[in-house]
Amino acid sequence: MTTASSRTRPVRELADPDSRFLEVDGVAIHHKVATPPGGAHPTPVVLHHHFFGHTEVWRHVAPRLAAAGYVAISVDRVGFGLTERPSQRRGPEPYTRAFNQRATLALLDALGYERAAIVGSSAGGTIAVETADAQPGRVAALALLSPAITGDIGAPAPLRPILRSQPATTAARPFVRRLAGDVTPHRISRSWHTPSRATHEDAHGYERVFSARRWDLGFWRVMTSEQPPRLGAALRRITAPTLVVTGDADPVIRPGATRRTAQAIPGARFEVIQSCGHTPHEERPDALSHVLIDFLDAALARDRTRATG
């Protein structure tokens, strides 16, 4: 069990041997790349985690994607995981969805990819949709796992400009640390169908968040730096092949809401994973990987033909 603390370390000191960092507008973006043992599909798969998530939530899915021939790129959104949490800066606000879109494309550029399939869980689904809307030519396919389409985590919208001021941010950080409390397998699995499935290994990545320098600042800035998303029109504009997935027992974004999201996207495929809560990549990775790889193989066949033809 780890208790949130103000005694923290630089993110690079907490990195794993397979961790990578890319500087985007002066912010070190943490990511991991799982590569196939043989030849790779020409279109990689970018994995965007949910709120409070991190690259390790994909540790079961990314190897399965690699085994199926895909390069799997898991990314820590600014404010989470081991991505740097800047405090004062004069450039673009990094704790926004738009910045994370730019970081995604910069990462693809650095790795030499023009297009990618993008998988987004919950709030990560929001980033995936907005990336597809802003740069449709660079998104070959979308997979949305209980996407947060109608709202997000954070303070009430009218209060956000006030709460992101420097005095409010300084005063809020001790409150965020107290609110965070302890990280245990039971706590991180509250949105699962069967919390008893969670192990200390599942909790490890979340524990490390509380060891990262300025983690409390990052949480606060994510919750106050911009207005909630409005994605109804963006859903109708999606042209990429799209998979929408829900757990049948998701208590955070109900399956009915996720079904309506799928119905709003032209031609989207909708799948329900049984005995599963909000994060199928953590609770039911085998079932999710089967559905995801089946979708990608079909959706990206055109890209494979184009790259080899």
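The values are calculated or read from the model by the stated rules, or taken from the named source; none is laboratory data. A quick note: this is a predicted structure, and the numbers were derived from the prediction, not measured. Glycine gets a Cβ as well: all are built from the backbone with ideal geometry, and neighbour counts include every protein chain shown. Just so you know, the surface numbers come from the protein's heavy atoms only, side chains and all, with ligands and any DNA or RNA stripped out. Shrake-Rupley method; radii C 1.70, N 1.55, O 1.52, S 1.80 Å.
Overview of values
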read-out: Number of the exception - Asp202 against (1) under 21 Å from Pro94 (Cβ atoms); (2) acidic (Asp, Glu); (3) open to solvent by 10 Å² or more (accessible area, probe 1.4 Å); value: (1)
read-out: Qualifying position, being farther than 18 Å from Ala143 by Cα, touching a Ser or Thr at 6+ places or on another chain (Cβ under 6 Å) and not acidic (Asp, Glu), among Phe210, Phe219; value: Phe210
read-out: Some residue of the range 55-76 being at positive phi and open to solvent by less than 20 Å² (accessible area, probe 1.4 Å); value: yes
read-out: Hits in the range 23-50 - residues which are more than 17 Å from the chain's Cα centre (by Cα), under 16 Å from Arg77 (Cα atoms) and either modelled with pLDDT of 95 or more or open to solvent by less than 20 Å² (accessible area, probe 1.4 Å) (or both); value: Glu23, Val24, Val27
read-out: Given (1) open to solvent by 10 Å² or more (accessible area, probe 1.4 Å); (2) touching a Ser or Thr at 6+ places or on another chain (Cβ under 8 Å); (3) not basic (Lys, Arg), index of the condition Gly247 fails; value: (1)
read-out: Subset of the range 180-217 [farther than 16 Å from His54 by Cα and aromatic (Phe, Trp, Tyr)]; value: Trp192
read-out: Residue count for the range 270-305, restricted to those that are out of contact with any strand residue (DSSP E or B) (no Cβ under 8 Å at 6 or more places or on another chain), hydrophobic (A, V, I, L, M, F, W, C) and open to solvent by less than 50 Å² (accessible area, probe 1.4 Å); value: 2
read-out: The range 77-119 - residue that is closer than 25 Å to Asp216 by Cβ and small (Gly, Ala, Ser) and, of those, surrounded by the most Cβ atoms within 10 Å (Cβ to Cβ); value: Gly81
read-out: Hits in the range 75-116 (condition: aromatic (Phe, Trp, Tyr) and under 14 Å from the mean Cα position of the chain (by Cα)); value: Phe80, Tyr95, Phe99
read-out: When residues of the range 9-22 are limited to those that are open to solvent by 30 Å² or more (accessible area, probe 1.4 Å) and not in a loop (DSSP other than H, G, I, E, B), the one farthest from Val75 (Cα to Cα); value: Arg9
read-out: All helices (runs of 4 or more DSSP H) inside the range 47-162 with 3 or more residues being in contact with a Ser or Thr (Cβ under 7 Å, 6 or more places away or on another chain), in contact (Cβ under 8 Å) with a residue 24 or more places away in the chain and of a type outside the set (S, T, N, Q); value: 61-67
read-out: Residues located in the range 157-186, provided they are more than 17 Å from Gln88 (Cα to Cα), among the charged types (D, E, K, R) and open to solvent by 40 Å² or more (accessible area, probe 1.4 Å); value: Arg177, Arg178, Asp182
